[in-house]
1. Suppose we keep only residues that are open to solvent by 40 Å² or more (accessible area, probe 1.4 Å) and hydrophobic (A, V, I, L, M, F, W, C) within segment 112-136. Which one would you say is nearest to ASN33 (Cα to Cα)?
2. Search segment 175-198 for residues being open to solvent by 60 Å² or more (accessible area, probe 1.4 Å) and either under 15 Å from the mean Cα position of the chain (by Cα) or of a type in the set (Asp, Glu) (or both), and hand back the single one that is farthest from ligand 1 (Cβ to nearest atom).
3. So in segment 1-19, with the set limited to residues that are away from ligand 2 (no atom under 13 Å from the Cβ) and open to solvent by less than 20 Å² (accessible area, probe 1.4 Å), which one is nearest to the chain's Cα centre (by Cα)?
4. Residues in segment 179-190: is at least one within 16 Å of ligand 2 (Cβ to nearest atom), in contact (Cβ under 8 Å) with a residue 60 or more places away in the chain and closer than 16 Å to ALA11 by Cα?
5. Examine segment 17-27 for a residue that is within 24 Å of THR200 (Cβ to Cβ) and of a type in the set (Gly, Ala, Ser), and state whether such a residue exists.
6. Can you say whether ALA141 is without any contact (Cβ under 8 Å) to a residue 60 or more places away in the chain, open to solvent by 40 Å² or more (accessible area, probe 1.4 Å) and over 18 Å from GLY32 (Cβ atoms), as far as the supplied structure shows?
7. Got a number for residues in segment 65-100 being within 17 Å of the chain's Cα centre (by Cα), assigned to a loop (DSSP other than H, G, I, E, B) and more than 10 Å from ligand 1 (Cβ to nearest atom)?
8. Here's a check for you: in segment 20-41, which residue that is part of a strand (DSSP E or B) and small (Gly, Ala, Ser) is nearest to ligand 2 (Cβ to nearest atom)?
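The values are calculated or read from the model by the stated rules, or taken from the named source; none is laboratory data. Predicted model, so just to flag it, every value in this text is computed and none were measured. Reconstructed Cβ throughout: ideal geometry from the backbone, glycine too, with neighbour counts over all protein chains shown. For accessibility, only protein heavy atoms count, side chains too; no ligands or nucleic acids. Shrake-Rupley method; radii C 1.70, N 1.55, O 1.52, S 1.80 Å.
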Amino acid sequence: MNLILLGAPGAGKGTQAEIICDKLNIPAVSTGNILREAMKNGTEMGVRAKSFIDSGALVPDDVIIGIIKERLAQDDCKNGFILDGVPRTVAQAEALEEMGVQIDKVVDIEVLDDVIIQRLSGRRVCSACGASYHTTAKPSARPDTCDRCNGALIVRKDDEPSTIRERLKVYHEQTEPLVEFYRARGKLVVVQGQETVADTTRLLFEKLGVSL
Ligand code: AP5
Ligand code: MG
């Protein structure tokens, strides 16, 4: 299955992508994770992306399209994939079509802005492996320590309250039009993401017709 996860920052795309990836055994491709890894390694792309990400803006389309072309050409994407956080502009969605990438379903995870602000303020990520936690919804077993690799948990720089507000503004202006873009193509399914992680997963698999 070839899936796109759409939704505001903090809607739970990354969290659900990990769960679907385990269940369907297809890779999750997160442009946010790829860009953060590039920033950590100080590559040319990482250096270019940093100022956009830190201010809550989108990284230019040409960078993202380049990443996706390269990633989807890899062997592990042959039997399906989950795109987490991409496309994020109409230009990116059109580029996917031009590349001939077939999409089965686009899942829009809907969450109100007020809930988003609470969620992102409580997110903690591992500085070593990138695993994601939440102070109340998904706490690590030991305070400030990653369950997976013992790395230190930190707050993402773009999860500062003023940057969260900017990311939400950018989402509504530049990414939300994709809901209609994919609805018009008969690909859209909408899932309420307001409740617990498990509730969202259940609704999502129901809509995809996959039994849990
Ligand atoms: P990216 O990393 O994709 O960030 P984002 O879309 O802003 O989304 P998040 O990762 O913040 O949220 P999420 O929906 O994955 O939620 P999560 O599951 O973590 O992108 C970062 C930046 O990179 C962008 O701002 C942009 O600059 C750039 N970029 C990336 N892709 C790009 C593109 N295609 N084009 C241009 N620029 C691009 O959940 C959030 C928190 O809530 C977690 O702590 C989680 O544990 C918790 N949580 C999740 N679900 C629930 C629930 N149901 N109840 C309670 N808590 C929950
Ligand atoms: Mg994410």
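1. CYS129
2. Only one residue tops the list, namely GLU180.
3. Among them, the one singled out is ILE4.
4. Kept after step one, since they are within 16 Å of ligand 2 (Cβ to nearest atom), are these residues of segment 179-190: none.
No, segment 179-190 contains no residue that is within 16 Å of ligand 2 (Cβ to nearest atom), in contact (Cβ under 8 Å) with a residue 60 or more places away in the chain and closer than 16 Å to ALA11 by Cα.
5. Here is the first cut: in segment 17-27, the ones within 24 Å of THR200 (Cβ to Cβ) are 17-27.
This time we only want the ones that are of a type in the set (Gly, Ala, Ser), so: 17.
Yes, segment 17-27 has at least one match.
6. On the way: without any contact (Cβ under 8 Å) to a residue 60 or more places away in the chain: yes; open to solvent by 40 Å² or more (accessible area, probe 1.4 Å): yes; over 18 Å from GLY32 (Cβ atoms): yes.
Answer is yes for this residue.
7. Residues in segment 65-100 being within 17 Å of the chain's Cα centre (by Cα), assigned to a loop (DSSP other than H, G, I, E, B) and more than 10 Å from ligand 1 (Cβ to nearest atom): 1 in total.
8. Keep residues of segment 20-41 that are part of a strand (DSSP E or B), which gives 28-30.
Remaining after also requiring small (Gly, Ala, Ser): 28, 30.
On the way: ALA28: 10, SER30: 6 Å.
Only one residue fits best here, namely SER30.
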